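Take a look at the structure set out below.
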Amino acid sequence: MSFSSQYQVITSPLGDGLHKDGKRLTPQRLKVLNLFENIGAGNHLSAEEVHAKLIKSSSKVSLATIYRTLRLLVQMGLLHELEISEGGHRYELLSNETADHHHLICIRCGRTEEFESDEVLKAGKVAAKVNGFTLIESSLNVRAICPNCI
Ligand SMILES: [Zn+2]
Ligand SMILES: [Zn+2]
């Protein structure tokens with residue numbers, strides 16, 4: 001975790017229900033966010049899975065709304081979006097503890113495993129420095145096929 005200090009720190013955006021951009025955390029958005037907080041970091045859900053879980057807890061909400069809400073929470077810096085394959089996305093809670101991990105993703109079933117690599121963080125840091133960029137994050141998504149899908 002020696003490179004974690006370079007990340008922009010996200011400070012409790014839920015405090016007053018308002019984000020720094022002035023976007024409000026409506027009850028609907030809060031519900032989605034709470035779902036991610038309840039399942040904890042390290043879980044990666046698709047929009048369909050989020051939808052199914054909310055329906056189960058008797059929330060009447062359309063899949064289209066879930067898509068919109070997830071996109072917004074990503075923009076607000078509360079969720080992190082992973083691109084699995086064409087059109088396939090998964091979402092996870094963005095927090096300081098999860099900021100510098102990488103993903104091994106099965107392109108067939110979407111199974112996602114996390115791993116850490118100081119080498120990747122170092123490479124990102126060096127590349128940013130060489131080009132005069134201000135680093136925000138270095139994360140690697142490895143697309144692969146899991147043992148169950150071969
Ligand atoms: Zn992750
Ligand atoms: Zn698989």
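The values are calculated or read from the model by the stated rules, or taken from the named source; none is laboratory data. Here the structure is a predicted model, which means the values were calculated and not measured. Counting neighbours? That spans all protein chains shown, and the Cβs are built from the backbone with ideal geometry, glycine included.
Please go through (1) crowded, with 16+ Cβ neighbours inside 10 Å; (2) modelled with pLDDT under 90 for Arg24 and return the number of the only condition it doesn't satisfy. The number of the failed condition is (1). When the test is whether a residue is at pLDDT below 90, surrounded by 15 or more Cβ atoms within 10 Å (Cβ to Cβ) and not in a helix (DSSP H, G or I), Ile10 does not pass it. For the stretch 94-150, name all the residues that are in contact (Cβ under 8 Å) with a residue 60 or more places away in the chain and under 21 Å from Glu37 (Cα atoms). Of everything in the stretch 94-150, those that are in contact (Cβ under 8 Å) with a residue 60 or more places away in the chain and under 21 Å from Glu37 (Cα atoms) turn out to be Leu94, Ser95, Asn96, Ala99, Asp100, Gly110, Thr112, Glu114.
Might you let me know whether the stretch 39-46 holds any residue that is among the hydroxyl-bearing types (Ser, Thr, Tyr) and at pLDDT below 90? For the stretch 39-46, residues among the hydroxyl-bearing types (Ser, Thr, Tyr) and at pLDDT below 90: absent. Where helices (runs of 4 or more DSSP H) sit wholly within the stretch 38-146, none has at least 3 residues that are under 12 Å from the mean Cα position of the chain (by Cα), within 16 Å of ligand 1 (Cβ to nearest atom) and loosely packed, with under 15 Cβ neighbours inside 10 Å. For the stretch 94-105, a tally of residues being away from ligand 2 (no atom under 15 Å from the Cβ) and either on the phi > 0 side of the Ramachandran plot or modelled with pLDDT of 90 or more (or both) returns 1.
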